[in-house]
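In what follows, a structure is listed as structure tokens, so that the remarks can point back to it.
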Amino acid sequence: MKKLTSTGLLMGALLFGAVSCNQNSGAVDEVQTTNEEQAEGTANEDQMQRQSDFMTKAASSNMLEIQAGQLAQQKGQSQQVKDYGQMMVTDHTSATDKLKTLAQQKNITLPDSMGQDHMSQYEELQGKSGQEFDQAYMDLMVSSHEESVNLFEDAANNMEDPDVKSFASSTLPTLQQHLDRAKTIQENTNNSTARN
């Protein structure tokens, strides 16, 4: 009976968590806790927790790239920045779709809003305009893609699950291309700011 009650409580918490996550910028932490509770006591508990950590962080990062990319298309001054924003929306939407499918297969719940750090970065970017926006956006794209490359490299090298490992490995070259392109545009943006 105790097992049944705790299962009912867990399901209730999952449903409540899914609803409350929508408004909470700490959604990543909440979902990780939910996933950890779900994995608790299973044979693959540690592996599932590592998968949850990777997938929830990747999901939050994708949301930042997509939403910041949409903002860049609206507020960007240079065509390079606008085009980069469009590429972020396209590529990270595709990556999100693949991640959602994988998470479903692995019984991992993903957040439906950004983590607190990503939300703060996005909100700061929203307050910028003109040349200042372009510079801040490209700075963010370099730093966020450096983080993503590290996250995905670690998963590609260290995840035990072959599907998760494969997802990380196959996504990594695109992230590296994004990082390289971001650095080039960042340099161009900084040079044009210096000239003005």
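Nothing in this text is a laboratory measurement; each read-out follows from the coordinates by a stated rule. Because the structure is a prediction, the values reported are computed rather than measured. Note: ideal-geometry Cβ built from the backbone for every residue, glycine included; neighbour counts use all protein chains shown.
Figures for the structure shown
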| read-out | value |
| --- | --- |
| Those trypsin sites (Lys or Arg not before Pro) in the stretch 112-196 that DSSP places in a loop and that have at most 16 other beta carbons within 10 Å | Lys128 |
| Separation between Cα centres of the stretch 130-196 and the stretch 53-83, rounded to whole Å | 11 Å |
| Order of Leu140, Leu151, Leu175 - criterion: other Cβ atoms within 10 Å of each residue's Cβ, fewest first | Leu151, Leu140, Leu175 |
| Under 15 Å from Lys106, Cα to Cα: aspartates and glutamates that are on another chain or at least 8 residues apart | Glu36, Glu37, Glu40, Glu45, Asp46, Asp53, Asp97, Glu160, Asp161, Asp163 |
| Residues of the stretch 96-115 with amide N under 19 Å of a point placed 7 Å along Cα→Cβ from Asp29 | 109-115 |
| Given charges at beta-carbon only (K, R positive; D, E negative), |dipole| of the stretch 83-196 in Debye | 240 debye |
| Chain lengthening between Asp83 and Glu132 when straightened (0.36 nm per residue, less Cα-Cα) | 15.9 nm |
| Ranked packing of 111-120, 87-96, most packed first, by mean Cβ within 10 Å | 111-120, 87-96 |
